[in-house]
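Contents: one structure, followed by commentary.
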Amino acid sequence: MSDTKHIQRQGMALGFFAGYVDTLGFLALFGLFTAHVTGNFILIGAALADPSRSSVLLKFLAFPAFIAGVAAGRILVLLVERRQALALRPALLLELVLLLGFMGFGIAATPVGGEAGPLAMTSGLLGAAAMGAHSAISRLLLGHLAPTSMMTGNVTQIVIDAVDLLRGADDPGLKARFAKVLWPLLSFAIGCIAAAFGYLWFGFAALALPVLILVGLLVSERPQQLAQAQPTIS
């Protein structure tokens with residue numbers, strides 16, 4: 001597989017993954033945004049103003065859980081890179097373990113009821129930590145991709161680029177940048193829709209799909225890493 005196709009598939013897979021996981025958490029756990037810190041701040045403010053809103057504690061704790069996921073991702077990358085090894089697969093494995101915890105505790109908590117009990121709370125916090133790790137991986141190891149979990153910047157960039165394309169701007173990198181942002185954005189939107197139907201039909205077990213996506217990324221990274229580690233023969 002060419003590097004260009006590999007990068008495009010990475011962006012699409014991770015965009016779909018982020019939209020799917022964040023939407024499922026929102027539907028399953030009282031409007032919790034597992035990857036959207038700004039959204040949780042808004043929900044906390046709304047819950048403090050209206051105490052009848054459910055599970056404000058979960059939204060408070062989701063912020064430190066997200067931070068813990070980012071910190072764990074950063075520490076893992078540092079430890080692996082100090083050994084002069086490639087860090088992407090171990091970092092994806094960390095995210096996979098956290099995501100499995102999100103799914104497992106969520107299934108155990110079903111039916112969740114009107115308030116987040118201990119199992120549902122643990123599920124949500126592991127989901128937030130998983131998406132914190134996802135954000136750290138994107139920033140530290142996948143800087144060649146467009147952001148895959150925060151779409152406001154992507155929408156802004158794609159509109160700017162679309163206007164420049166329409167006016168015939170003299171920018172040789174414009175089409176490539178437009179495509180770089182477009183595919184993760186579309187994949188994120190599709191992931192949101194898929195998660196809504198997945199949760200409706202299967203509950204927390206619908207997280208099996210993003211689990212499979214991470215497994216697929218882990219498998220696809222193996223030949224890439226072997227190729228990079230291969231000594232050059234002169």
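A straight Cα-to-Cα reach below 20 Å connects K59 with the aspartates and glutamates D22, D50, E115, residues fewer than 8 places away in its own chain not being considered.
Please arrange T156, T122, T110, T148 by counting, for each residue, the other beta carbons lying within 10 Å of its beta carbon, fewest first.
T156, T110, T122, T148
Students often forget the sequence filter, so: which aspartates and glutamates lie under 16 Å Cα-Cα from K180 once same-chain residues fewer than 8 apart are removed? Reachable aspartates and glutamates: D3, D161, D164, D171.
Charge tally for G11 (other residues, Cβ to Cβ under 15 Å; Lys, Arg +1; Asp, Glu -1): +3.
Using the Cβ-Cβ distance between S220 and T156 with R0 set to 41 Å, the FRET efficiency works out to roughly 0.85.
Using R₀ = 22 Å, calculate the FRET efficiency as 1/(1 + (r/R₀)^6) where r is the Cβ-Cβ separation of I67 and L100; round to 0.05.
Details: r = 21 Å, r/R0 = 0.94.
Taking R0 as 22 Å, the efficiency between I67 and L100 is 0.60.
Among residues other than D164 whose Cβ falls under 12 Å from its Cβ, what is the net charge (Lys/Arg +1, Asp/Glu -1)? Intermediate values should be presented prior to the final figure.
Values: positive: R167, K175, R177; negative: D161, D170, D171.
Net of charged neighbours comes to 0.
Considering only Cα atoms, the convex hull volume of the chain works out to 140 Å³ per residue.
The label-point distance for A46 and R167, in a model that sets each label 7 Å from Cα toward Cβ, rounds to 3.7 nm.
Each of the trypsin sites (Lys or Arg not before Pro) that DSSP puts in a loop and that has at most 11 other Cβ atoms within 10 Å breaks the chain; the longest unbroken stretch is 84-166.
Please give the length that would be gained between A196 and H6 if that part of the chain were fully extended, namely 0.36 nm times their separation in residues minus their C-alpha to C-alpha distance (nm, one decimal). Can you show the working numbers first?
Working: separation 190, 0.36 × 190 = 68.40 nm, distance 2.78 nm.
Stretched out fully, the A196 to H6 stretch lengthens by 65.6 nm.
All of the numbers you see were taken from the coordinates with simple rules; none came from a lab. For clarity, every value in this text was computed on a predicted model and none was experimentally measured. Glycine also receives a Cβ, built like all others from the backbone with ideal geometry; neighbour counts cover every protein chain displayed.
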